[in-house]
Structure formats: C-alpha cells, structure tokens
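Only one structure is covered here, and it is reproduced in the block below.
The values are calculated or read from the model by the stated rules, or taken from the named source; none is laboratory data. The model shown is predicted, which means the values in this text are computed figures rather than measured ones. Glycine also receives a Cβ, built like all others from the backbone with ideal geometry; neighbour counts cover every protein chain displayed. We work out accessible area using only protein heavy atoms, side chains counted, and drop any ligands, DNA or RNA first. Shrake-Rupley method; radii C 1.70, N 1.55, O 1.52, S 1.80 Å.
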Amino acid sequence: MIAVLALLTVAPLVWMISASFKPGNETFGPNLIPLRPTLENFTYVFTALPFWRYMLNSFFVAGTVTLVALWFHSMAGFALARLRFPGRELLFLAIFSTFLVSLPVIIVPLFILVRQLGMVNSYAGLIIPAIFNAFGIFLLRQFYIGIPGELQEAAIIDGAGYFGIYWNIMLPLSRPILAALAVFFFLANWNAFIWPLTITNDQNLWVVQIAIASFHQQYSASWNYIMAGSTVVALPTLILFFIFQRQLVESIKTSGLK
Amino acid sequence: MNVSLDAPSTSTKRPAAGRARQGLNHSQREALAAYLFILPDALGLLIFVALPMIFSLSLGFFSVNGFGGFQFVGLKNYQRMLVDPLFLKSFWVTFVYVLILVPALYVTGLGLALLVNRRMPFIGVFRSMFFVPNVVSLVVVALTWQVMLIDKVGFVNRLLQMIGLSGYSWLGDPRTALYSVLFVTVWFLMGYYMIIFMSGLQEIPKEYYDAARIDGAGPWSVFFRITLPLLRPTSFFVLLVSIVSAVAGSQAFDLIYVMTRGGPANSTSLVIFYIYQQAFQFNNYGYAAAMASFLVLILLVITVTLFALTKGGRFHFT
C-alpha cells in the first residue's frame, strides 16, 4: 500500500517530465512513456526565448542571497549564543518575533519602502530584502549553543579575538549545518515567486519562475513548451534534493523540534 | 513551538582566567564585538521586516497614489472594507480554505508519518517520494496540475474516463475550483509535515509502547492513549505553522496566481490574493494595507490564543 501511495504522489512530476518529451499533439495523453519522444520542446524553449538569461538571473540571485545570508546569520547566531552583552535576551526575542511575519502580509509596505530606496527593477531589489530571515539565525544559534565551551575558553587563553573565534573555530565546526542551510536557502530563493513578481517588470531581470509563469500567459495553448520549461526549472531543485536530501530533512526536523 | 527562549547558562560560564585578559573593560569589549556581529542582520530585519510591519499598520489610514504621494484619509479604507462585497467574499473563501487545509494537513502528515515510521525494504525511497513535491517550485506545481486538470482533455479526466466516469472542469467550476487548489496544496505540503511528525514520533520513549504491549493494548488504544498525547509538542508546532501559513497564503498565492487568478467568479480569491490585486493591479496601496493590517490582527489573535492555551507552547512528558 505504501508503494502505491508513493507512486501516486510522484505521478504528477513523472507526468510533467514525460509531457516535456512529447510532441504537442500528444501532450494530454495518459501514457507516461512518450509514443514519439522528441527534444523539440526543449530546443524551442532555449532558442525562442532568452531562457539562459532567466536561468543565470535565478542562479545569481539565489546564490548571492544564500552566501550573504549564511555569513550574516552565522555571525548573529554566534554572538547570540556565545557572547555576553546587555539586552541579549531582548534582542533575541525581537529577532525571533519576526519569524511570524510572512512576506505576503507585508508585501505592500515592503514594496513602497524598496521603491523609495530606488531598488525597483534592480538586482539589489531582488537580492537584499530576501537575505534577512529569523529562521536561519535561530537554527545557527541553537547549533552554537551546543558547542562545548572549552574550545572557546582555550582560544581566549591563546589570545584569540572574537572574530578569530568565530572565523577559526565556530565556522569550521558548523560546516554541516551551514551546508544544510545553504541547500534550504538556495531552494527557497530559486523557487521564490511573489517577491520577484512584485519588484521586477524588466524582462532582463526576470528569474525563471516569472519566466515560466508569463510564458504560460502568452502561449496558453502550447502546453508542451510549458511542460518543457517547467521540467528545466524543476531539474536543479530535484538534483539538489537527491544529493542533499539527508541534510535538507535534518534541517526541517530541527526547525520543528529544537 | 516547544522552544526555550532563554539562552542556556552554559554559554555564559567562563573561567576567570579568560575574563581577566588585559583587565580593562573586558565585558565592554565583548559586548561591542557582539553588537558588531549582530548589526548586519539586526539592521536588515529592522528595515525589511519590522519597519514594513509597523508601516503597514499606519498605511491603512492613508490614500497612496502611484508616485508615492500620501494623503491622510482616516478610517475610510477600513469603512470601505466592511461594505466591499469582494473583500467579504475573499474573507469567507479564506475562512473555508483554512478550515479545510489545517485538519487535512494534520491528518495526511501524521498518517504518512505513521505509515513510513517502520523498518522495511525501500522505506527510505518511499519517504523521499512523499517529500519530493515539496522541493519543486509552486509555479511548476501549479502549471503541472493545471495541465492535468484541464477541461475534458487533462490527464486526470482521461483517467476518470477510463474507469467510466465523465470528465469535469475542475478549475473552471466555482463549486470545485477552491477544492482543487486545496488538494494541490495538501499534495505539496504533506511530505513536509510527514517529516515533522516523524521526528516527533521518534522522540517518544520506546518504554511507553513496550509497557502498553505488556498490558495488551490494541493499536487504536495505543494511538489514542500514548502516541497522540505524547505528540502534543509536535502537534502544537504543526498547528501553529499550518494555520499561520494558511492565513498568510504562503503557498496559496503562487498557486492561485498561476492556476485561477482568483476565479472563476472569485471562488478562489483569498484575502491575500485580493490584497495583491488591489495594490498592484489597481494601485490602491492604502486600501490594500488596511486589509493587510486586518489580516495581521487575525494572525496575532490566533498566535496569542495558541500560546495562551498551551502556556507558552511548553510541554513536558509527564
């Protein structure tokens, strides 16, 4: 029974991939193996559209957000977990409370604010607001709290500064959790739709999600091309999932339990 | 969330030898370093999360034109909300959406977790198969399901015809469109909640089950007397996250934008989608912000109630 349910669950994705290899008149067929397999849908997507450009935009935006977020969040998490300073609990509570604010709810004022900052239709507008989220800080803080204090004490006796402790001790120790978070952030930003939709209308800045969504509005009858585009967009996320599924699952578990 | 908000005392214990280095103002130096480490994130969260949040509560009292000119209009936006049939309709649609989605996610998530929380060949593969929809983008999910559900020719209808049922326009009929979106949302999210429930199940001490087996308890009484009560912290987390994300439309927005655009006949127009339309299609930023702050109020009431009911979300095995 488990096997049947599992197969039913992945059937839509299998069907999507199969439809991307089918010629247009076969798209809706219930057969999962194309009768006349073709690569023509993919050729069309990459030649009739600047799809490479959209892919590059997505890679650049998601990659930059991931790197900067890991850097900022690991610094903040380290300080909140391992350094003593007045107002620490209060600051942590304040950061933690932003956890409950979700993007759709603040999108109107956020857009007005970012517009005032002159970041509409720019990479900065796509990237900077996406960096900050309490989830990453929270997970890293939890991790740093668990590191034995002796390492830090020994480093202080050796005369290490706080940045040295962060850079030479904490960062190398947190490599596994940073890897898990990197996958998590990259996926979330590669898949993000509502913010890029709001902040860009310049086609040169389109990310892949915007591209396939508007592709769909332009060519609503050509489902074979749309399925090919969807497969291309889903492929990097599926590959990342198959390589890093253990890390991804661990970070979800931690978010629920710690 | 069953989380302790206090930093543990272990992180602050440090021998006097380390603290005495260079004697002067050591704790001040530590504090300064800490503030510098936190500064980038704190500033970013302040500007891009906290400020918009506060801004949204006041923006509802203004009329904003497309070029950023503000005009104070008092309660006008809020009064308009009460008599706007489209807003009231979207409020009702959101209510139905949350009311169905939250229990559906709880049951499917827990059900799958119980199903795969065992040792058998290929169980890891099956777990991955249940989770994999969650890594694909919602735009791709929406497009794929739209093709599968399309009028008479879609994959789903072809399958129904093969077993003798007639095809149906699932997304084209106001009576079924919302349920179709709900179905896709559950399909997308159930694997995520399965993982959360799995880690909850693994936290339950084995001794409880052994004791129950010795007492001769059946599977149902084990589930209701042991599993469900001991799963309370996980249940709290799942309810909190699923309610908040359902009300805030975290998944629904992308799906609805691509699949139905709020239609047909506004049957899938959630509040969050209507807010977006008012703001970015009709440039009614002030009115949109008024509706958003109403949503914030509802989210706040739900969160506070959940935390109050569970005494701060803290649970202990007793």
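Give A:Thr43, A:Thr9, A:Thr47, A:Thr64 a once-over and let me know the one that is in contact (Cβ under 8 Å) with a residue 24 or more places away in the chain and either part of a helix (DSSP H, G or I) or over 30 Å from B:Gly154 (Cα atoms) (or both).
Working: A:Thr43 fails: in contact (Cβ under 8 Å) with a residue 24 or more places away in the chain; A:Thr9 fails: in contact (Cβ under 8 Å) with a residue 24 or more places away in the chain; A:Thr47 fails: in contact (Cβ under 8 Å) with a residue 24 or more places away in the chain.
Matching residue, one of A:Thr43, A:Thr9, A:Thr47, A:Thr64: A:Thr64.
Could you tell me which residue of region B:250-278 is most open to solvent (accessible area, probe 1.4 Å), considering only residues that are under 15 Å from A:Val105 (Cβ atoms), part of a loop (DSSP other than H, G, I, E, B) and touching a residue at least 40 places away in the same chain (Cβ under 8 Å)?
Only one residue tops the list, namely B:Gln251.
Applying the selection to region A:89-106, what residues are touching a residue at least 60 places away in the same chain (Cβ under 8 Å) and within 7 Å of chain B (Cβ to nearest Cβ)?
Looking only at region A:89-106, we keep the residues that are touching a residue at least 60 places away in the same chain (Cβ under 8 Å), and these are A:103-104.
Across region A:89-106, the qualifying residue is only A:Pro104.
State the number of residues belonging to region B:27-62 that are open to solvent by 60 Å² or more (accessible area, probe 1.4 Å) and under 16 Å from A:Leu93 (Cα atoms).
Final tally of qualifying residues: 4.
What are the residues in region B:239-256 that are facing chain A (nearest Cβ under 8 Å) and within 9 Å of the chain's Cα centre (by Cα), if any? Step through it out loud before you land on a result.
The first filter runs over region B:239-256 and keeps only residues facing chain A (nearest Cβ under 8 Å), leaving B:244-245, B:248-250, B:253-254.
Correct list: B:Val244, B:Ser245, B:Ala248, B:Gly249, B:Ser250.
Based on this model, can you work out whether A:Ala48 counts as within 14 Å of another protein chain (Cβ to nearest Cβ) and either farther than 27 Å from A:Phe143 by Cα or buried (at least 22 other Cβ atoms within 10 Å of the Cβ) (or both)?
So A:Ala48 fails the test.
Could you please give the count of residues in region A:178-202 that are in a helix (DSSP H, G or I) and within 9 Å of the chain's Cα centre (by Cα)? Reasoning before the result, please.
Step one: filter region A:178-202 for residues in a helix (DSSP H, G or I), giving A:178-191, A:194-199.
So of that shortlist, the ones also within 9 Å of the chain's Cα centre (by Cα) come out as A:182-191.
Adding up the residues that qualify gives 10.
On the given criteria, is B:Met148 more than 12 Å from B:Met259 (Cβ to Cβ), within 7 Å of chain A (Cβ to nearest Cβ) and modelled with pLDDT of 75 or more?
no
How many residues, within region B:122-154, are in a helix (DSSP H, G or I) and at positive phi?
0
Is it the case that some residue within region A:227-238 is at pLDDT below 90 and either under 22 Å from A:Leu181 (Cβ atoms) or open to solvent by 20 Å² or more (accessible area, probe 1.4 Å) (or both)?
No: region A:227-238 contains no residue that is at pLDDT below 90 and either under 22 Å from A:Leu181 (Cβ atoms) or open to solvent by 20 Å² or more (accessible area, probe 1.4 Å) (or both).
Consider A:Ile210 carefully, then state whether it is within 10 Å of another protein chain (Cβ to nearest Cβ), open to solvent by less than 40 Å² (accessible area, probe 1.4 Å), within 30 Å of B:Gln146 (Cβ to Cβ) and within 18 Å of the chain's Cα centre (by Cα). Let's see the steps before the verdict.
On the way: within 10 Å of another protein chain (Cβ to nearest Cβ): yes; open to solvent by less than 40 Å² (accessible area, probe 1.4 Å): yes; within 30 Å of B:Gln146 (Cβ to Cβ): yes; within 18 Å of the chain's Cα centre (by Cα): yes.
So A:Ile210 fits the description; yes.
Being over 30 Å from A:Met119 (Cα atoms), open to solvent by 50 Å² or more (accessible area, probe 1.4 Å) and assigned by TED's automatic domain parsing to the domain that holds B:Ser180 narrows it down to one of B:Met129, B:Met120, so name that one.
Answer to the selection: B:Met120.
Test A:Gly118 against the criterion of being more than 7 Å from chain B (Cβ to nearest Cβ), in a loop (DSSP other than H, G, I, E, B) and of a type in the set (Gly, Ala, Ser), and give yes or no.
Judged against the criteria, A:Gly118 is a match.
Among (1) in a helix (DSSP H, G or I); (2) at pLDDT below 90, where does A:Ala221 come up short?
(1)
I need the full set of residues from region A:121-133 which are within 9 Å of another protein chain (Cβ to nearest Cβ), open to solvent by less than 40 Å² (accessible area, probe 1.4 Å) and part of a loop (DSSP other than H, G, I, E, B), in order please.
A:Phe132
For every residue, the table says whether it meets (1) surrounded by 17 or more Cβ atoms within 10 Å (Cβ to Cβ); (2) modelled with pLDDT under 90.
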site: A:Val68; (1), (2): yes, no
site: A:Pro86; (1), (2): no, no
site: A:Glu89; (1), (2): no, yes
site: A:Leu117; (1), (2): no, no
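Can you name every residue in region A:20-30 that is within 22 Å of A:Leu235 (Cβ to Cβ) and in a loop (DSSP other than H, G, I, E, B)?
A:Phe21, A:Lys22, A:Pro23, A:Thr27 - these are the residues of region A:20-30 that are within 22 Å of A:Leu235 (Cβ to Cβ) and in a loop (DSSP other than H, G, I, E, B).
Tell me the residue from A:Gly136, A:Gly159 that is open to solvent by 20 Å² or more (accessible area, probe 1.4 Å) and either closer than 20 Å to B:Leu32 by Cα or more than 7 Å from chain B (Cβ to nearest Cβ) (or both), please.
Result: A:Gly159 is the single residue among A:Gly136, A:Gly159 that is open to solvent by 20 Å² or more (accessible area, probe 1.4 Å) and either closer than 20 Å to B:Leu32 by Cα or more than 7 Å from chain B (Cβ to nearest Cβ) (or both).
Please verify whether region B:295-304 includes one or more residues that are assigned to a loop (DSSP other than H, G, I, E, B) and surrounded by 14 or more Cβ atoms within 10 Å (Cβ to Cβ).
No; the residues of region B:295-304 include none that is assigned to a loop (DSSP other than H, G, I, E, B) and surrounded by 14 or more Cβ atoms within 10 Å (Cβ to Cβ).
When you check B:Leu171 against the structure, is it open to solvent by less than 30 Å² (accessible area, probe 1.4 Å), touching a residue at least 24 places away in the same chain (Cβ under 8 Å) and not in a helix (DSSP H, G or I), yes or no? Outline the logic, then answer.
Working: open to solvent by less than 30 Å² (accessible area, probe 1.4 Å): yes; touching a residue at least 24 places away in the same chain (Cβ under 8 Å): yes; not in a helix (DSSP H, G or I): yes.
Considered against the rule, which asks whether it is open to solvent by less than 30 Å² (accessible area, probe 1.4 Å), touching a residue at least 24 places away in the same chain (Cβ under 8 Å) and not in a helix (DSSP H, G or I), B:Leu171 comes out as yes.
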